[in-house]
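Data first, discussion second: the structure below is written as structure tokens.
We did not get these values from a lab; they are worked out from the coordinates using the rules stated. All figures in this text were calculated on a predicted structure; none of them were measured in a lab. Ideal geometry is used to build each Cβ from the backbone, glycine not excepted, and the neighbour counts take in all protein chains shown.
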Amino acid sequence: MANVSATGGNLIQVAATDTEDGRTFVLPEGIDLSEVSFEQSGEDLVLTGADGFRMVVRGFFTGEDTPTLVAADGTTIPGVELEQLVSAAKTGVAAGEGIGGNDGNDETDGLDGLEIADVDDIDDQEGVQTSADDADSGEFGDLEDIELATGDGGDIDPLDSEEPGSGDTGVGDGGETAGSGNPSGEADPDPNPGVEPNVEPAPQRVAAPPPPPPPPPPPPAPIPLSAPLAPPPPPVEAIVADDAAPPPSNAAPRAVDIINVASAEDGLSEGRLSAFDGNGDDLTFAVAGGGHPDHGSVTISPDGTYAYTPDPDFSGTDQFSFVVSDGRGGVDQGNVSFNVQALADAPQVLAADATGTETVPIGLDIAAHLSDTDGSETLSVKVSGLPAGAMLSAGSDNGDGSWTLGRGDIDGLNLTVPAGAKGTYSLSVEAIAEEAAGGEARTETSFQLVVDPLIANSLDGTDANNSLRGTEANDAISGEGGNDSLYGRGGHDTLSGGSGNDRLYGED
């Protein structure tokens, strides 16, 4: 930050901007760059106006490159040209050299040498006005005193072009005597012939620095950037004259919208809000009034970090609104929109063990349900590990010992195992949830299937009267001749009495 001091007045803020061409200092209104001169005093830049106005920009030359100076009316002096003006100010006026004497060192009959000090020294040093008779006539310490010293209150004009010896007091180059009227260079017996004693001599003329070059055209308008930028540097503190322009009003911050943030169904989305502030103020963020999302919830911290959670099983677009404040009355509102991508949820599936007989339909107890009920998913069931040749009452055969069923195929499902396929099997049941937008989720379980042979035992009677009892398995009992009593007991039994009067019992 650079301090800009002037000849008394108010405190204003002058923005300093870093551009691709370097630093730029913008002066307040009321300063005409075409009517001021420039000098360097250490790290400071001194501006002096024709009316005696002075301004010191402290720390102006602290950077590697000389900054650009811009007036409020758009007049611009690049750093390179400013260096030339400062250099011209250093070499454009000779201090006490060749004024009324030879080489500025020999005492002559003309005026004593007048030293023009640096601008900083004008206020601090005392000068002495020297008359034609070498008598001190008074002191001066500022620009007003210098004007009074001219004798008529006029401005300090550049050198005349009159030839030496014409009777006027001129400025020599160190090798001539000017203003004596004696071309030989010898001292006149009377330094001011014809001038009454105690009469002030005519005002002497002192060379002024050359005027600055015309200002270059104003810089092109800045190109807007699409990407967010870091906040600009803090404003420059300045003190200017009473008649300077009032300080600029506070600029409200500008919120940045964030569009189509990718978010997953049932997932958490976190991020940071963004905004610009031309004054470099500290910004705070909050949810705007009525700006909560329609299909979820959001929390916003004062530093701009946020956390958004969509409603359970929600997918689609959602958004929330936020406000940003600079703490000085400047506010703005922005929006953040989300694209919540649908994900398949794991379905639920259950299956119970089953027992049956070859060639006889065996009922299966299978249940499957979707976890996501928003209608974006479809359910299917795959049964694997079936015996060779086994068939289900619904669904489609995949040809690899598995069948695929739709959601409506599960109720009342039966399995038929061919003859000769007795045994115990472990069957797998997999429920599959497929999301319409893509993706799927699977849940798997298993159950045990026991298949009994069609005929477990075969009992044959004789021609006598027989009493035959089967087992708990599937039995085939034949009474043959005689009057027989046949008992099947457990299992799926086949009873045949034969000839005679027979009695057949399924159980004891």
Using only the Cα atoms of the range 40-80, build the gyration tensor, take square roots of its eigenvalues as a ≥ b ≥ c, and label the shape rounded, prolate or oblate: rounded if a/c is under 1.5, else prolate if a/b is larger than b/c, else oblate.
oblate
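How far, in nm, would the chain grow between Arg272 and Asp73 when pulled straight, counting 0.36 nm per residue and subtracting the alpha carbon separation? Write out the running numbers ahead of the final one.
On the way: separation 199, 0.36 × 199 = 71.64 nm, distance 3.95 nm.
So the chain would gain 67.7 nm between Arg272 and Asp73.
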Under 5 Å between amide H atoms, partner at least 5 residues away or on a different chain: which partners does Thr357 have, H built in plane at 1.01 Å?
Asp452
Give me Ser263, Ser446 sorted ascending by neighbouring Cβ count inside 10 Å, so fewest comes first.
Ser446, Ser263
Of all DSSP beta bridges having both residues in the range 348-452, the percent classed as antiparallel (nearest 5) is 90 percent
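With the cut-off at 1.5 for a/c, could you classify the range 251-404 from its C-alpha gyration tensor as rounded, prolate or oblate?
Values: a/c = 5.63, a/b = 4.77, b/c = 1.18.
In terms of gyration-tensor shape, prolate.
Tell me the net charge near Glu358. Cut-off is 12 Å between Cβ atoms, Glu358 excluded, with +1 for each Lys or Arg and -1 for each Asp or Glu. Walk me through the numbers before you get to the answer.
Numbers: positive: Lys422; negative: Asp452.
With Lys, Arg at +1 and Asp, Glu at -1, the neighbours total 0.
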Name the long-range amide H neighbours of Arg503: under 5 Å, sequence gap of 5 or more, or other chain; modelled H, no Pro or chain starts.
Asp484, Ser485, Leu486
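Assuming R0 = 45 Å, can you tell me the calculated FRET efficiency for the pair Ser485 and Asn414, based on Cβ-Cβ distance, to the nearest 0.05? Don't skip to the end; give the middle numbers.
On the way: r = 35 Å, r/R0 = 0.77.
Calculated value: 0.80.
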Taking 0.36 nm per residue of separation and subtracting the Cα-Cα distance, what length does fully extending Ser41 through Asp257 add?
73.0 nm
Nearest-20 debye value, the range 348-452 charge dipole, Cβ charges on Lys, Arg, Asp, Glu
360 debye
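Would you work out if the range 348-452 is rounded, prolate or oblate? Take a ≥ b ≥ c from the square roots of the eigenvalues of the alpha-carbon gyration tensor; rounded if a/c is under 1.5, else prolate when a/b is larger than b/c, oblate otherwise.
Numbers: a/c = 2.43, a/b = 2.21, b/c = 1.10.
Prolate.
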Given a Förster distance of 25 angstrom, what is the FRET efficiency for Thr494 paired with Thr424, based on the Cβ-Cβ distance and rounded to 0.05?
0.60
Could you list Thr317, Thr445 so that the one with the fewest beta carbons within 10 Å of its beta carbon is first and the one with the most is last?
Thr317, Thr445
Proxy reagent accessibility, fewest Cβ within 10 Å first, across Thr305, Thr68
Thr305, Thr68
So how much slack lies between His369 and Asp282, counting 0.36 nm per residue of separation and subtracting their Cα-Cα distance, in nm?
26.0 nm
Kindly list the residues of the range 354-379 that lie in the label zone of Arg407, defined by a backbone N under 18 Å from the point 7 Å along the Cα-to-C-beta vector.
366-379
